[in-house]
Amino acid sequence: EFTIRQSLVARNRQVGLSIQGSTAEMDGVIVRDTASQEVGKPFGRGISVEYCAGTNAPSELTANFSIVSGNREVGVSVIGSTAWLENIVVRQTVVEEDTDGAGDGIAVSGFPETPAHTDLTSVISEDNAQAGLLLFAAGASLESSVLRRNAFSVALADGADVEIGAGNLLYDNE
């Protein structure tokens, strides 16, 4: 298990915080300005929550009262795992340096052997180059959240499923 509170994670390369096959809790954390790798220039993710490739063990992240800002490729990436995000701001995610790919605020991807799900409550995902929330073969719930000024508010692919509850604002998306 991993717990991080009232901390700044800034100007790292490839990934600001990486959780693989583990359980993590974060509260009052700022993750910002993650740069791409030097060689090839991929990634630059703020937070990466992934299953362990060797064992298929999923990760779990509970995040509260935190800011993820100015990262590359994806602000919060959830792959084959579960995340509960509450009172989080994800903003100004830009594309990768090498491919101009992604730029999503929150991206959730699942696979048959490693499903993925994210619950978002009172989340703001804004000013991201692509989707405020991208779901690829994954599920999510959205409650009392704001998705604004992104290229897309919510993008769904490959059987993704989203439950949009009450009190959400999705506006000024291209």
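Observations on the model:
- Lys/Arg +1, Asp/Glu -1 at C-beta; the chain dipole; positive extreme among Cys52, Val29, Ala131: Val29
- Note on Asn173 and Ser141: the model spin-label points, each 7 Å out from Cα along the C-beta direction, lie 2.0 nm apart.
- Normalised by residue number, the volume inside the convex hull of the Cα atoms of the stretch 17-148 is 87 Å³ per residue.
- Mean sequence separation of contacting Cα pairs (under 8 Å, at least six apart), scaled by the length of the stretch 1-101, corresponds to a relative contact order of 26 percent.
- Accessible area of the stretch 58-118 divided out per residue, in Å², using a probe of 1.4 angstrom: 36 Å²
- Net charge dipole size for the stretch 36-87 [Lys, Arg +1 and Asp, Glu -1 on Cβ; Debye, nearest 20]: 160 debye
- Extending 7 Å from the Cα toward the beta-carbon at both Gln6 and Asp98 defines two label points whose distance is 4.0 nm.
- Cβ charges +1 (Lys, Arg) and -1 (Asp, Glu), total dipole of the chain, debye: 460 debye
- Shape of the stretch 60-111, Cα gyration tensor, a/c cut at 1.5: oblate
- P(r) of the stretch 70-174 over all Cα-Cα pairs, binned every 5 Å from zero, in whole percent: 3, 15, 25, 26, 20, 8, 2, 0
- Accessible area of the stretch 4-136 belonging to carbon and sulfur atoms, whole % at 1.4 Å probe: 48 percent
- Rounded if a/c under 1.5, otherwise prolate or oblate - the stretch 28-92, Cα gyration tensor axes: oblate
- Along the axis of the charge dipole computed for the chain (Cβ charges of +1 for Lys and Arg, -1 for Asp and Glu, origin at the Cα centre), the listed residues Ser77, Leu8, Phe152 are led at the positive end by Leu8.
The values are calculated or read from the model by the stated rules, or taken from the named source; none is laboratory data. Every value quoted in this text rests on a predicted model; they were computed, and no experiment measured them. For neighbour counting, all protein chains shown are included, and Cβ atoms are generated from backbone atoms with ideal geometry for every residue, glycine included. For accessibility, only protein heavy atoms count, side chains too; no ligands or nucleic acids. Shrake-Rupley method; radii C 1.70, N 1.55, O 1.52, S 1.80 Å.
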